[in-house]
Structure formats: C-alpha cells, structure tokens
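*Asks:* I am attaching a structure below and will ask some questions about it afterwards.
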Amino acid sequence: MIEHTTEQQASTTRYKAILFDWGKTIVLSIVIALVIRVTIVGAYYVPTGSMKPTIGIGDRLLGCKFLYWFTEPAAGDIVVFKPPEAAHTDVPRFVKRVVATEGDVVEIKDGALYINETRRDEPYAASPFYRLLPIHVPKGQLFVLGDNRNNSADGHIWGFLPKENVEAKIVFRFWPLTRIGTLD
C-alpha cells in the first residue's frame, strides 16, 4: 500500500509539473502576442469606401506600428490614425493617405492635387469635384485625403492631422485573398 501511494504522489507531481509548464507557455505566448499587437503590428478592418480603389470595403490590413519611431510619415504613406477632434466622430480610427507634411502648401483645383504648386500624378485617386484654396501645413501636422476623394471625410473637410495621432503605416492587405499583397 505504501508503494501505491508513492507512485500516485509521483504521478500527481509529474502532472502538476506538466500543467505548470503548459500554463507558463500559454501565459508567455499571450504576453508576447499582446506586446506584438500593441507595439509592432496591428490588424485593421476597413468598413467604408473612402480609400477605393486602393482599399475596398471589408478589406483587412496589417499596419506597422514601430516604423514611425525611426522615420516621419511621408507623402504617399497610407496611415491608420485616431481622427482629430475637428472630425467630430466617434469612429476610433481612420485610414487615409498622407498627401502633405509640415511646411507643404496644399491646393486642390481643376480636379487635381497640387503640393507646393506642383501638380501630383495620382493614378490611384479619383479626381476631386471640389476646390481647396492653398493652405500651409503647420509644424507637427499632416494633411491626409482618402483616395476616393469625393466620398471621404478627410483633411479637405476637417483640416490637419496631428502627427501624434498616427498609429501605423499600412503595409499589407491580407483579406480578401484575391487582393492579398503590399500597398503603396
């Protein structure tokens, strides 16, 4: 009877050790996943058509969160950001294209975007049906527009985007599978 109890205790001890090891692995995996999600890469769902045709309704995207620790957002970058207060929305995030950075002068006329009086070739964007008088992008700010220029709540409506509101640069579309790939 003593041998049976000793075997039972040894078996119980082994199971406890195995469960403890599995528990550590699971907890560590969750912590690592959360750290990656918060600091390195984020997954985003796009519910609107404001970036058509570049990004469609229902597309799922990956954004690089740490990139802007080392560089500044540049014209052409597609970014995820917290909308500025002037946007008057409770939507937590927007996805738009940076078209101008601090110091640039932005103007929209004759269906085209002009930066510092130079017309930009934007084959990905719809020609806007509105006019935007020349405005100077202040220090610490960006000017963003949706590629679907006539159906986008963006900088032409609410003005400038503080750089600190930018969360990530969109780098990859992983859904739908028929359009999987990098984004420019």
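Since every read-out is calculated from the coordinates, none of them should be taken as a lab result. As the structure is a computational prediction, the values presented were derived from the model and not from experiment. Cβ: placed from backbone, ideal geometry, glycine included. Neighbour counts: every protein chain shown.
*Asks:* Relative contact order, percent, of the chain when contacts are C-alpha pairs under 8 Å separated by at least 6 residues? Please report the intermediate quantities before stating the final value.
*Replies:* On the way: 343 pairs, mean separation 43.7, N = 184.
Normalised by residue count, the contact order of the chain is 24 percent.
*Asks:* Which shape class applies to the chain: rounded if a/c is under 1.5, otherwise prolate when a/b exceeds b/c and oblate if not, where a ≥ b ≥ c are the square roots of the Cα gyration tensor eigenvalues?
*Replies:* Values: a/c = 3.93, a/b = 3.01, b/c = 1.30.
Here the chain falls in the prolate category.
*Asks:* By how many degrees, 0 to 90 and rounded to 10, does the Cα axis of helix 2-39 deviate from the longest principal axis of the chain?
*Replies:* Rounded to the nearest ten degrees, it is 10.
*Asks:* Could you give each residue of the stretch 72-80 its phi-based ³J(HN,Hα) in whole Hz, using Karplus coefficients 6.51, -1.76, 1.60 with θ = phi - 60°, and x for Gly or Pro?
*Replies:* Result, ordered by residue: 9, x, 10, 4, x, 5, 9, 10, 9 Hz.
*Asks:* Same structure, new question: Using a Gaussian network model on the chain with a 10 Å cutoff between Cα atoms, which of 43, 75, 86 fluctuates the most?
*Replies:* So, out of 43, 75, 86, the one fluctuating most is 86.
*Asks:* Quote to one decimal, in nm, the extra length available between residue 182 and residue 119 on full extension: 0.36 nm per residue of separation minus the C-alpha distance between them.
*Replies:* Working: separation 63, 0.36 × 63 = 22.68 nm, distance 2.59 nm.
My answer for the length gained is 20.1 nm.
*Asks:* If each residue's Cβ is checked for other Cβ atoms within 10 Å, how do 160, 70, 143, 129 rank with the fewest at the top? Could you put the intermediate results ahead of the total?
*Replies:* Details: 160 21, 70 6, 143 28, 129 9.
Least crowded to most crowded, the residues run 70, 129, 160, 143.
*Asks:* When the chain is treated as a GNM, springs tying every alpha-carbon pair under 10 Å, which of 173, 97, 131 comes out with the largest mean-square fluctuation?
*Replies:* The residue that fluctuates most here is 131.
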